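The values are calculated or read from the model by the stated rules, or taken from the named source; none is laboratory data. Treat the numbers as computed from the prediction; the structure is a model and nothing was measured. Counting neighbours? That spans all protein chains shown, and the Cβs are built from the backbone with ideal geometry, glycine included. Side chains included, ligands, DNA and RNA excluded: accessible areas come from the protein's heavy atoms. Shrake-Rupley method; radii C 1.70, N 1.55, O 1.52, S 1.80 Å.
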Amino acid sequence: MHCISLPSSHLLLHSPPKTTLKLASHVSPRMFFNDSATNNNSGSTNGFSLIKNVSQLLWGASLPPGILISTVRTAWTSTWQIMMSQLAPSDPSGAYTRPPSKFRLNPTAATTKLHLYVGLPCPWAHRTLIVRALKGLEEAVPVSVAGHGLDGSWEFKDVPDKDNDILVPTMDRVNRCRNLKEVYRLRKGGYDGRATVPMLWDVEKKEVVCNESYDIIEFFNSGLNELAQHPGLDLSPLELKEEIEEWNRVIYPNVNNGVYRCGFAQSQEAYDVAVSGLFSTLARIDDHLGSSRYLCGDRLTLADICLFTTLIRFDLVYNVLFKCTKKKLLEYTNLHAYMRDVYQIPKVAATCNFLEIMDGYYRMLFPLNPGSIRPVMPSVCEHEFLCRPSEREAMSSVERAMSNLELVINAKGKSCKSYLLGC
């Protein structure tokens, strides 16, 4: 990060013409500083009070002069563009371009002594937590949960576990590092790139195994079955692989990354393209889920896990902070019920820490929310609401009944009505 010096042409500090600033004779230093000598509030509160009092002295109840507003706006826009270029690299049109993962998985090089690093706000890390839990790899692959730092980095901290039912940030349980960047630097040859989550770590070799989320969930699904408590669960069966990949090609650019393309867009044109692709895809998926319990029929797959981690954050964060405002997820009947259906699968809810998710977005992404104010959680995102019956289990039984119906019709030539009547 570089210090910014504004061009002199931006510093237009001229006195307002034909205006005389008169200070009331009763203004005292004690009043001006809001009695700060005896104020027990924090320094930031005193600073705010000082700014407030200066503003009242200069302009009273009026707005600041236009020249000040335009100067601050120009300075803020320039600063915002610099920060966004580091946070969210873009192409010449202003469209967000996600940097590729640096470390891709080589399953043959990985040992069986692995450690997973995640951050709870991150949807890419969230998918690894869900697959790890569903496969029963909690003991085989321990986890360290990083929290959000004020500078945007991932930091380790010991947070009291007030609710044993959900994950919370932890200390680094294997390397005892203060932050994730230090962990990356432990690898042979060091590392000065972006320290991202999720990250799979080889404990014995002290090496980064992988920091690409989809590689990790595929590896958890089929590469560690000898260590898994549920080796029979296959979230990417061979007969569905092509369909899973087809859904991934639709969902990743338009939904998973689509919400980021909306939130990180640096031009109106880039935002318009991203938001159009996002909501047309959500409508398409909602329509599909009207006749299918999961994306690929009756079976939960990796495609569902990848979609879920975006959907669970939609009304919580993306609808507001990322300007995905055309519709709330709640307005999609099938999508919202589908999300609740996945949320209610045993062990999934425990991976969803909604306060950490909100803090991670509203307090980490300073360029999008300079005040770092976290809004109140929508009631539809609370655990109790998400546990309402989705009634999607019946879709699987209906589908099987319809298949049986077709078999009976083909075998006996009976009509649908006679079959339903038990004839």
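Observations on the model:
- Amide H partners (placed H, <5 Å) of CYS210, local residues excluded: LEU200
- Counting only DSSP beta bridges whose two residues both lie in region 114-227, roughly 70 percent are antiparallel.
- J(HN,Hα) series, region 352-360, from Karplus relation 6.51 cos²θ - 1.76 cosθ + 1.60, nearest Hz, glycine and proline x: 9, 9, 5, 5, 5, 4, 5, 4, x
- Accessible surface for region 114-227, divided over its residues, is 42 Å² per residue with a 1.4 Å probe.
- Listed pairs LYS205/LYS241; LYS102/LYS328; LYS157/LYS206; LYS206/LYS323; LYS113/LYS347; LYS135/LYS241 exceeding 30 Å between Cα atoms: LYS205/LYS241; LYS102/LYS328; LYS206/LYS323
- Pairwise label distance in nanometres, VAL380 with GLU138, each label 7 Å out on the Cα-Cβ vector: 3.1 nm
- Using heavy atoms of the protein chains and a probe of 1.4 Å, the accessible area assigned to TYR361 is about 10 Å².
- J(HN,Hα) series, region 275-286, from Karplus relation 6.51 cos²θ - 1.76 cosθ + 1.60, nearest Hz, glycine and proline x: 5, 5, x, 4, 6, 5, 6, 4, 5, 5, 5, 4
- Annotation: amide H of SER90 within the under-5 Å range of THR97, sequence separation 5 or more or interchain, hydrogens built in the peptide plane.
- Distance-filtered residues of region 228-245 - backbone nitrogen under 17 Å, label point 7 angstrom along ASP298 Cα→Cβ: 233-240
- Segment ARG178-HIS288, extension gain: residue separation times 0.36 nm, minus the distance between their alpha carbons: 35.1 nm
- Region 114-227 shape via C-alpha gyration tensor axes, a/c threshold 1.5: oblate
- In terms of accessible area, using a 1.4 Å probe and ignoring ligands and nucleic acids, SER101, SER236 rank largest first as SER101, SER236.
- Distance between region 221-240 and region 309-374 - C-alpha centres, whole angstrom: 28 Å
- In this label model, GLU245 and ALA349 are separated by 3.7 nm, measuring between points 7 Å along each Cα→Cβ vector.
- Carbon/sulfur fraction of accessible area - region 114-227, other protein chains in place, 1.4 Å, %: 49 percent
- Cα gyration tensor category, rounded, prolate or oblate, for region 230-378 with a/c compared to 1.5: prolate
- In this structure GLU245 has an accessible area near 90 Å², from a 1.4 Å probe over the protein heavy atoms.
- Straightening the chain between LYS157 and THR108 buys 14.3 nm, computed as 0.36 nm per residue apart minus the Cα-Cα spacing.
- Accessible-area order (highest first, 1.4 angstrom probe) of the listed residues GLU243, GLU269, GLU393, GLU207: GLU269, GLU393, GLU243, GLU207
- For region 260-272, 3J(HN,Hα) per residue [Karplus equation, 6.51 cos²θ - 1.76 cosθ + 1.60, θ = phi - 60°, Hz, x = Gly/Pro]: 6, 5, 6, x, 9, 4, 10, 8, 4, 4, 5, 5, 4
- Pair THR74, THR325: separation of 7 Å Cα→Cβ label points (nm): 2.8 nm
- Unit Cα scatterers, Debye sum, region 149-188: log10 I(q)/I(0) for q = 0.15, 0.16 Å⁻¹: -0.42, -0.47
- Extension gain for THR97-MET171 works out to 23.5 nm (0.36 nm per residue, less the C-alpha to C-alpha distance).
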